[in-house]
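Before any comments, here is the structure.
The values are calculated or read from the model by the stated rules, or taken from the named source; none is laboratory data. Worth saying up front: this structure is predicted, and the values here are computed from it rather than measured. In this analysis, Cβ positions are derived from the backbone assuming ideal geometry, glycine residues included, and neighbour counts consider all displayed protein chains.
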Amino acid sequence: MKTVLIHLISWFMVGVLPLMAQSSTKSDLPPDAQIRDLLVERIDKQHQSVGIVVGLVDSAGRRTISYGKFDTGDSRAVDGNTIFEIGSVTKVFTSLLLADMVQRREVALTDPVAKYLPAGVKMPERNGRQITLEDLATHTSGLPRMPSNLSPKDPANPYADYSVEQLYQFLSSYQLTRDIGSQYEYSNLGGGLLGHVLARRAGMDYEKLVRTRICEPLGMRSTVITLSDEMKARFAVGHDGAMQKVAYWDLPTFAGAGALRSTANDMLTFVAANLGDVKTPLAPAMAAMLAVRRPTGVPGLEVGLAWHILTRDGREIIWHNGGTGGFRSFIGFERKTGMGVVVLSNAETLAGVDDIGQHLLNPNVPLWQPPKEHKQVAVDPKVFDGYVGQYQLAPNFVMTISREGDHLFVQATGQPKLEIFAESERDYFLKVVDAQITFETDSQGRATGLVLHQNGMNQPAKRLP
């Protein structure tokens, strides 16, 4: 269940792309043959997946384009009815449940989470403020990305043995490090907790709640957690970055954060409903999910109830992504043009599918290309001391450079810490994405600023005092 981040540092990528001339607002989704060529390159040349399915919806209707197989040793072709793990796209369903329960007057966005937990569970508080359901849905609760007491017996299925009791123990002992609502930090813990409390409020398990409140009204018959025998036959095999088969994931306690499995056809139905093409009693709840907007710290990027809203080139793209140990997923749409895109892959790789989804919705967003070769060199770690500090790339977007022994790291606002590697005393590169950093220094070797090189752009950041 990776994150909503486009593979870790990639929200840098979205955040630093330049504004370009406003694109046409008519639907301009490319033809099937062009998309298939893209998938052929991604799978056969770039080796970033085994099978990918793209689903498109616009004023002309719905279509799916696919390429690749269920597994490296299975010749069956993936298609619109193939089932994939959708990972954190599940959070959109969880927040839709929240918005629908608000419409039904079963809960309120401002309700404290503690209201729906057993009396013995102590939710963290800070400065007299309690964490609300809205705080969880917008990733502004102050809760960390993951609970510190997650210690899986099987790292290949990391959430399978995390219990409700462990969740309650963590919540009762955790001390918030910042004010609630003050900062965006993507949290799988928060998404899982939201699904848990909504299921408790409804008096049924999470899967049944999703099925009865969302899937049955929309006719989404292949969006489930528990697969029937017939569905198991349509379930693609997951793969890691080396295209090796990996285990499926089970998330009994964190179901609301990433447990759903689905097909491109079902996800197209879901996207079409959010665009208003499918008439549904869920329409008011879907609209309410976008009425809430909070900043993420990334320029041009806000978060609603689970949905992320990227404003660029005069366009507003609403999207979410997901990843598990063997799958990647993307769904997104643009209300002005009526375009919607679904991309599902049966491999957890660097490239993933986010760039494909974003590019189809806005051609100005570049497609991923394999990182250029960079040669790591040895640098005296004492040099790193002159670089340690914070650098402001945008008003609410800071890059923090830190040193741990002989290693140097970068951490952007709301993102995980990532190691950077020297190719000279002032030039560094990341291995997880095609991005580099150059430090600008004074005569004593202390950095006065840095430049982030990514997607053909050079973005300067001044060092903060």
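Figures for the structure shown
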| item | result |
| --- | --- |
| Subset of region 208-258 that is under 21 Å from the mean Cα position of the chain (by Cα) and of a type in the set (Asp, Glu) - its residue that is modelled with the highest pLDDT | Asp250 |
| Subset tally (residues that are outside any loop (DSSP other than H, G, I, E, B) and touching a residue at least 60 places away in the same chain (Cβ under 8 Å)) for region 85-135 | 22 |
| Test result for Ser49, buried (at least 24 other Cβ atoms within 10 Å of the Cβ), assigned to a loop (DSSP other than H, G, I, E, B) and either free of Cβ contacts under 8 Å to residues at least 60 places away in the same chain or out of contact with any His (no Cβ under 6 Å at 6 or more places or on another chain) (or both) | yes |
| Enumeration of residues in region 278-314 that are among the charged types (D, E, K, R) and at pLDDT below 95 | Lys279, Arg312, Asp313 |
| Single match in Thr212, Thr177 (criterion: in contact with a Gly (Cβ under 8 Å, 6 or more places away or on another chain), polar (S, T, N, Q) and surrounded by fewer than 21 Cβ atoms within 10 Å (Cβ to Cβ)) | Thr177 |
| Among residues of region 302-314, those that are of a type in the set (A, V, I, L, M, F, W, C) and out of contact with any Ser or Thr (no Cβ under 8 Å at 6 or more places or on another chain), counted | 2 |
| Residue match in region 243-250 (condition: surrounded by fewer than 18 Cβ atoms within 10 Å (Cβ to Cβ), over 28 Å from Arg76 (Cβ atoms) and either out of contact with any His (no Cβ under 8 Å at 6 or more places or on another chain) or not hydroxyl-bearing (Ser, Thr, Tyr) (or both)) | no |
| Enumeration of residues in region 164-177 that are of a type outside the set (A, V, I, L, M) and at pLDDT 95 or above | Glu165, Gln166, Tyr168, Gln169, Phe170, Ser172, Ser173, Tyr174, Gln175 |
| Test result for Thr280, of a type in the set (S, T, N, Q), surrounded by fewer than 20 Cβ atoms within 10 Å (Cβ to Cβ), on the phi < 0 side of the Ramachandran plot and in a strand (DSSP E or B) | no |
| Restricting region 390-432 to residues that are small (Gly, Ala, Ser), surrounded by fewer than 17 Cβ atoms within 10 Å (Cβ to Cβ) and touching a residue at least 24 places away in the same chain (Cβ under 8 Å), the residue that is farthest from Arg145 (Cα to Cα) | Ser424 |
| Region 438-465 - residue that is of a type in the set (Lys, Arg) and assigned to a strand (DSSP E or B) and, of those, surrounded by the fewest Cβ atoms within 10 Å (Cβ to Cβ) | Lys462 |
| Test: residue in region 72-84 that is part of a loop (DSSP other than H, G, I, E, B) and of a type in the set (D, E, K, R) | yes |
| Cβ pairs under 6 Å, 6+ apart, first in region 273-284 and under 13 Å from Cys215 (Cα atoms), second assigned to a loop (DSSP other than H, G, I, E, B) and not small (Gly, Ala, Ser) | Ala273/Thr280 |
| When residues of region 110-159 are limited to those that are surrounded by 15 or more Cβ atoms within 10 Å (Cβ to Cβ) and basic (Lys, Arg), the one modelled with the lowest pLDDT | Arg145 |
